[in-house]
Amino acid sequence: MTNREKYNKAFIDCFSVSEDVLNEKFVYQCIPAWDSVGHMGMIAAIEDTFDIMMDMDDIVDFESYTVGIEKLKNYDVVID
Amino acid sequence: MFLINSNYPNRTALISHDGNIVTYRKLISLVDGFNSYIDDKSLIFILASNNLDSLVCYLSALEVGTVPLLLHDSIHNDQLDNLIDIYSPKYIFSNRTLTNKSYSLKTSFKDSNLFLNNNENSVNLHEDLALLLTTSGSTGSPKLVKLTKTNIRSNAESISDFLKIGPNDRAITSLPFNYSYGLSVINSHLFSGGSILLSNSSMMEEKFWTSINKYSVTSIAGVPYNYEMMLRLGINNLKIPTVNKMTQAGGKLDSQKVKKINDSLQTKGINFYMMYGQTEATARISYLPCENIDKKPNSIGIPIPGGSLWLEDEKGLKISKSMQAGEMIYKGLNVSMGYAESIEDLAIGEANKGILRTGDLAYFDEEGYYFIEGRNNRFIKVFGNRISLDSLEKLITTKGFDSVVTGVDDKIFIYIKENSGLSIVDFRKEISESIGINMIAIKIIPQLDFPRLDSGKIDYKALNS
């Protein structure tokens, strides 16, 4: 699996969404499932997927699908 | 004015999310102003969020003698309509537009609206009844807890006492207003002359942490899941120098996490209080004094000031020896009048006589500290919400499916007959939305058939294994 596929899978599994909604409009609280509880689950899934530990600032700033891609660069994870 | 401390009129009572300061004097005048909108001896549904509007409406209702039912402002329309059908309140206060055609706009208050029932409305309310809270808030059960002013005041007083809340304390609303724990934070601070930062942000948002520092918040409350969040964020790295008190209730934290949290908070000079309670006791029943957290991380502690706890064995006899398990019973002025499941129940007076059978099995140690071993009833706590597994099964039946529901704290397992012709993904989403619990906690497990005991009852143990 590519990093993009892994990254998408974390969102799809956590929020039960289809891949075509994953774009810059997919943001925190845009669907009921992405609330604070869902956010924590998604962060946990991404940390497990890429075997990283994210800093607090990156976790609370991780406010959209696209912002997340930027944040992951801090951990040398590149989503192409 | 009921509940509100009158000793410090010029001190801050509330800070709104946009930074506006409301003094106690101003708060009292806002409540006085609102009083003219509502009549006494009627019912009002408040679709509450952590804002000034909800708080003023709540305090005004208590003052006037109109009984509020507190609901979450994001309550599902079907559940709201069901509650309206059963209780037909005279008023509904909400920041959203109502789809129910029986109500029309009476007046606006800041960002919210007060709606009036179009039909002639009278209800027979018991004179002691002051407030209604939901029992689980999520499975849509109309079962409500009936609270009196004595309940509210005595619990606020007791909480202020053991948490040592005073005029210099400032809490942030980290929990929903309509949740008994969230409400108890508000009540106890207004009672003690402390202040409250009204916030609807979650711990997963940067704003939550920046506003704590910006407004010098001293106290944070959380359910176990909130502490999981802090651990995930890195509790050692949290920079919250003004905070000196953190409380936890709404379920059990495991003892390893307790130790990790407490160690970290101690280095920051923050006192950590673990507490136990039920909505049936307004909020709090017991607390673990901070100095005993290391020694007894699994304990729910000792009864709150003014309350008492004891255990009864299966025959109903009081257990006097330590380390023997029995059902835990609580007595105190904060024990509710009873439940309501219909409008007629609102006229009925005291049913509990100050005594609450908690449904929890517990023992106490030589020093009188209580430890919970299990539950008599099929209830779990999910993100601080109490979920009745039986009610959830019933809810799923109304959706036309045969299911068996089991669970542990923060996890719900729904076993459903295979070939029910449903999409697991959609079903999980539907259940999540109708009970207002994030789907992360819900697992749907297709089963060919359900294991049964000889009696024909579901064999829950076999399902879980």
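The values are calculated or read from the model by the stated rules, or taken from the named source; none is laboratory data. No experiment lies behind these values; they were computed from the predicted model shown. Quick reminder, even Gly has a Cβ in these numbers, built from the backbone with ideal geometry, and neighbours come from all protein chains shown. Accessible surface areas use protein heavy atoms only, side chains included; no ligands, DNA or RNA. Shrake-Rupley method; radii C 1.70, N 1.55, O 1.52, S 1.80 Å.
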_Regarding region B:63-72, can at least one residue be identified that is open to solvent by 30 Å² or more (accessible area, probe 1.4 Å), at positive phi and not acidic (Asp, Glu)?_
yes
Among residues of region B:427-460 being in contact (Cβ under 8 Å) with a residue 24 or more places away in the chain, in a loop (DSSP other than H, G, I, E, B) and open to solvent by less than 40 Å² (accessible area, probe 1.4 Å), the residue nearest to the other protein chains (Cβ to nearest Cβ) is B:Asn438
The condition from (1) within 14 Å of chain A (Cβ to nearest Cβ); (2) of a type in the set (A, V, I, L, M, F, W, C); (3) touching a His at 6+ places or on another chain (Cβ under 9 Å) that B:Leu231 misses is numbered (3)
Here is a check on your reading of the model: is B:Thr406 within 17 Å of B:Leu463 (Cβ to Cβ), hydroxyl-bearing (Ser, Thr, Tyr) and more than 21 Å from the chain's Cα centre (by Cα)? yes
Going through region B:219-245 in order, the residues found to be closer than 26 Å to B:Asn168 by Cβ, touching a strand residue (DSSP E or B) at 6+ places or on another chain (Cβ under 9 Å) and of a type in the set (A, V, I, L, M, F, W, C) are B:Ile220, B:Ala221, B:Val223, B:Met230, B:Ile240, B:Val243
In region B:101-134, anything at pLDDT 95 or above and acidic (Asp, Glu) is listed as B:Glu127, B:Asp128
Given (1) closer than 28 Å to B:Ala156 by Cα; (2) within 22 Å of the chain's Cα centre (by Cα); (3) modelled with pLDDT of 90 or more, B:Phe383 misses just (3)
Within region B:73-98, of all residues that are without any contact (Cβ under 8 Å) to a residue 40 or more places away in the chain and open to solvent by less than 20 Å² (accessible area, probe 1.4 Å), the one farthest from B:Ser342 (Cα to Cα) is B:Leu80
Tell me, yes or no, whether region B:27-41 has at least one residue that is part of a strand (DSSP E or B) and under 16 Å from B:Lys149 (Cβ atoms).
no
From the option list B:Asn226, B:Asn271, B:Asn236, B:Asn200, single residue qualifying as open to solvent by 10 Å² or more (accessible area, probe 1.4 Å), without any contact (Cβ under 8 Å) to a residue 40 or more places away in the chain, within 14 Å of chain A (Cβ to nearest Cβ) and of a type in the set (S, T, N, Q) is B:Asn236
Flagged in region B:10-32 as in contact with a strand residue (DSSP E or B) (Cβ under 9 Å, 6 or more places away or on another chain) and exposed (fewer than 15 other Cβ atoms within 10 Å of the Cβ), in numbering order, are B:Asn10, B:Asn20, B:Ile21, B:Arg25
Picked from region A:1-40 (must be within 12 Å of chain B (Cβ to nearest Cβ) and open to solvent by 70 Å² or more (accessible area, probe 1.4 Å)), the residue farthest from the chain's Cα centre (by Cα) is A:Pro32
Filtering region B:414-426 for residues that are in a helix (DSSP H, G or I) and without any contact (Cβ under 8 Å) to a residue 12 or more places away in the chain leaves a count of 2
Counting only residues in region B:308-351 that are of a type in the set (Phe, Trp, Tyr) and open to solvent by 10 Å² or more (accessible area, probe 1.4 Å), the one nearest to B:Leu83 (Cα to Cα) is identified as B:Tyr339
For region B:376-412, the count of residues that are open to solvent by less than 50 Å² (accessible area, probe 1.4 Å) and either hydrophobic (A, V, I, L, M, F, W, C) or touching a residue at least 24 places away in the same chain (Cβ under 8 Å) (or both) equals 21
Condition set open to solvent by 30 Å² or more (accessible area, probe 1.4 Å), in contact (Cβ under 8 Å) with a residue 12 or more places away in the chain and not in a loop (DSSP other than H, G, I, E, B), scope region B:108-151, selection farthest from B:Ser434 (Cα to Cα): answer is B:Thr150
Counted residues in region B:39-91 being more than 15 Å from B:Asn178 (Cβ to Cβ) and among the small types (Gly, Ala, Ser) come to 4
